[in-house]
Every structure is written in C-alpha cells, then in structure tokens.
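The values are calculated or read from the model by the stated rules, or taken from the named source; none is laboratory data. Note that the coordinates shown come from a computational prediction; the quantities given were computed from them, not determined experimentally. Virtual Cβ from ideal backbone geometry, glycine too; neighbours counted across all protein chains shown. Surface accessibility is based on the protein's heavy atoms, side chains included, excluding ligands, DNA and RNA. Shrake-Rupley method; radii C 1.70, N 1.55, O 1.52, S 1.80 Å.
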Amino acid sequence: MPKNESHGASRRGFLKQTAAGSTLAALGAGPLRAGVHTGADETLKVGLVGCGGRGRGAAINALSADKNAKLTAVGDAFMDRAKSGLAAIQFEEAIADRVAVDEDHVFDGFDNYKKVIDSGVDVVLLATPPHFRPEHFAYAVDKDKHVFIEKPISTDMPGAEKVSQACETAAQKGLAVVSGLCWRYDLGVRETMRRIADGAIGDIVAIESNYNTGTLWHRGDKPGWSRMEYQMRNWLYFTWLSGDIIAEQAIHSLDKTAWLLGDQSPAKALGIGGRQQRTDPKYGNVYDHFTVFYEYPTGQGVYFTCRQQDGCSTRVDETVRGTKGTAEILAHRIQGPSGEWRYDGPKPSMYDNEHVEFFASIRAGEPINNGHYMVNSTRIAHMGRMSAYSGKTLSWEEAISDSQRLGPSEYRWGDAPEPTVAIPGVTHHV
C-alpha cells in the first residue's frame, strides 16, 4: 500500500498530542466567560441528568475528581430512578459529604434536564438514553454550563449535527466539553497509541476491531406502564433511544479505530447485521450483531464486528496491522522490529481520569473540548448501522446527509409506535 506522507504526518501529530495526555489545551476555546468558578478552592456545583447506572457512576467519578465539587441537583424522567440514583451516590462514603441535593432539587419528567440546568449548577453530567442528548447538550451550552456528555452523543445524523454546532458554541464560550468515550483517558491506551504514532509498527495497513460480548439487562414490563414508559425503561432495545448496539456500546471500538487513523472519517462502509438470539418482541427492534467493513480515504480498511449474544466467544480489542509489526490496543502490546513491548505504567481508572482532567481544565481556565472526535465517532457508528439496516454500501457524504430524525415528534406518557425490525434490502437508512 503506498504511503500517504501528508496523512501520516498529520495523523502522528494528532496522536502524539492526544496520547501524551495534553487534554488541558482546549480545541479552539476562547477565554472563560465571566462568572465561572476557576479558583482551586471555589465550589463547583454539579447537576446530574439521567440517574441510571452510568449516571450514578459519572456523579461519583466527578465528586471523586475534585474535592471542591458538590452535587446539588439530579433529574431523571422517572422519580423512582432519580431517588434511587441519588441514594446510591449518597451511599459512597468517600464523597457522601459533598452530596448536597435538597428535596426540591430532585426532578422528574421529560423536562427534568431544564430544571437541573437552571438550578444554579456550574457543571452538568448528561447520562440519559442517547436520543435525548442533543437537546439536553444544546440547552446546557446555551445556559453556559460545562458538560460531561456520555457516549454516543445522538442516535441519528441530525442529532449529531446539533451536537456538533453546540460544540462550536461551547468552544467560543470557553466551556469544557468532555466525552464519555473513556478509552481516550486510559493511560495504557494512550501510551500504546503514542508508540504506534511514532512508528512502532510502521504505517498502519488495516485494523481488526471487535466488541463481541454477552447480553445486557432487561427491566421487564408492568401492567401500569404505558408503551412510552416501557420503551424508555428498556431503552437499550429501541433504536430511536439507543442507536442500537453498534452506537450505544460498540462505539468505544469504533472510536479507537478512528483515533488510530487521525480521527478521519471513512470514505464508505458496507454493513451486515441482524438478530438471532433476540427474536422475542420484548427486545424491540435492535440487532444483536453487526459486521461492518469501513474503507478510509488513505487506503486503510477497518474490519469491525460487534455482538451481544450469550454462549459465544467474547473479544473486545483492536488488532492493528502495520508494515513493520502488529499491536493490540487494550492488551497494550506491540510486536515490532525491536521485539515485544507491553505497557507496565500506572493504571488509574479511566472513568476517574476523564473527570480529573475535565475539572482540572475548568480550574485552569483551559477547558477541554472533545467535540470533534465524539461527533465523528458517533457518525461512524450511525453510518455502520444505516448500511447494515439497508444492506447498501454508503459513502460518508450519503450517510451524514441523512435527514431522518428518529423518535416521536413530541414526548408524552401514553401510547408509542412499535418500531419494526430493519430488513436489509427493504429498509431505508435508519
């Protein structure tokens, strides 16, 4: 494969900066707006939107990361989830004294995010089902809040575009934006990426990427639940809420492949997928496996699989094949001309580290902005899903120009459409 000198130079420059951990430098951010607390001893008030497992974890990570951060408001579509999430956070002894949520600052309903954001917080943690994140993120940025936003940042291309525009606004305002694509904050992955960027395996030829694991939770059904409530409580299984498994979970793998290739966008993709174990209607309309072949403008191929099926072999990692060797990213192992290298450095929790760097960047007045890569990686995931659902090869331009917004036009408790399972060759891009 011919070497692309200009791409190699830009890719390696980007990877060196990212892998070295220099995330305190914001991407295009201007000076902080007046009134933001940046002194090391000033309190940063934190609000949590989405009190499920990931939201609870993010709140604990945030309070652990900054000794002068306090949780002052929480919200969820369901009051029982808001209260149980808050109770779980309060149970963490190390940070319990900084959980300062008054009873009137526990919010529910579809507009809970506005109430949290408008309650006087400085930092917002967004951990709802992915469908809601574009609207919530745009509102938080409009209200001048620093934001931690879980992955993926949308479930469709219009949502990704809305987030992209809001990220630009955040940069202009000097607001920190940190993504839940947590492997970017893992020190072992960073060092492995840095060595690959420095030529440890020569030029990248191809990447095999796998997120093959078992099944996840299902919360059942209750007679009193409307169909909207049922879908939202079991949001993993509805594409309009989760983006399907390729976006909701396996985006971590696709993000690492994009990172390896300088956060380019692929030129085209051909996807295959379906559902073999999840045939029961209770599993909504998501697939349980995908295979996508991505081709990049610089000639490299990414061969990607993801699966959520029980009783099958599991593998979550990337094998990177270069002109002079190979690397495994999560194994932190490189086999090159000088022999084998393995990472043996410090290994703090990446979930903690992303919040440590997030809050440190706010305090330093040098806010992180992860906007470009979190939007690009989300679009790559949607592109793969759209290709697999439709059975068509898609170009990048075709994929990102898709205007289909998933989900209802208005949110209310009651009936909800029962989404149908995509049939390749019949279904349009969704």
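Table for the structure above
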{"quantity": "Residue 168 vs. criteria of a type in the set (Asp, Glu) and over 30 Å from residue 336 (Cβ atoms)", "calculated": "yes"}
{"quantity": "Any hit, the stretch 361-370, residues being open to solvent by 70 Å² or more (accessible area, probe 1.4 Å) and either closer than 24 Å to residue 210 by Cβ or not small (Gly, Ala, Ser) (or both)", "calculated": "yes"}
{"quantity": "Wholly within the stretch 317-430, strands (runs of 3 or more DSSP E) carrying at least 2 residues that are farther than 30 Å from residue 297 by Cα", "calculated": "339-342"}
{"quantity": "Unique match (being within 29 Å of residue 405 (Cα to Cα) and surrounded by fewer than 24 Cβ atoms within 10 Å (Cβ to Cβ)) among 253, 265, 209", "calculated": "265"}
{"quantity": "Candidates 194, 184, 219, 233, filtered to the one that is surrounded by fewer than 23 Cβ atoms within 10 Å (Cβ to Cβ), within 30 Å of residue 328 (Cβ to Cβ) and of a type in the set (D, E, K, R)", "calculated": "194"}
{"quantity": "Matching option when the condition is in contact with a strand residue (DSSP E or B) (Cβ under 6 Å, 6 or more places away or on another chain), farther than 14 Å from residue 243 by Cα, surrounded by fewer than 17 Cβ atoms within 10 Å (Cβ to Cβ) and small (Gly, Ala, Ser), among 409, 401, 395", "calculated": "395"}
{"quantity": "Single match in 83, 67 (criterion: under 15 Å from residue 352 (Cβ atoms), open to solvent by 20 Å² or more (accessible area, probe 1.4 Å), more than 20 Å from the chain's Cα centre (by Cα) and among the basic types (Lys, Arg))", "calculated": "67"}
{"quantity": "Subset of the stretch 295-304 (residues that are surrounded by fewer than 19 Cβ atoms within 10 Å (Cβ to Cβ) and either assigned to a loop (DSSP other than H, G, I, E, B) or polar (S, T, N, Q) (or both))", "calculated": "297, 299"}
{"quantity": "Unique match (being assigned to a loop (DSSP other than H, G, I, E, B) and under 21 Å from the mean Cα position of the chain (by Cα)) among 209, 265, 253", "calculated": "265"}
{"quantity": "Filter result for residue 382 (touching a residue at least 40 places away in the same chain (Cβ under 8 Å), in contact with an Asp or Glu (Cβ under 6 Å, 6 or more places away or on another chain), closer than 23 Å to residue 231 by Cα and open to solvent by less than 60 Å² (accessible area, probe 1.4 Å))", "calculated": "no"}
{"quantity": "Residue among 240, 259 that alone is among the hydrophobic types (A, V, I, L, M, F, W, C), assigned to a helix (DSSP H, G or I) and touching a Pro at 6+ places or on another chain (Cβ under 9 Å)", "calculated": "240"}
{"quantity": "Residues satisfying the stated conditions in the stretch 268-290, i.e. over 25 Å from residue 401 (Cα atoms) and open to solvent by less than 30 Å² (accessible area, probe 1.4 Å)", "calculated": "278, 284, 288"}
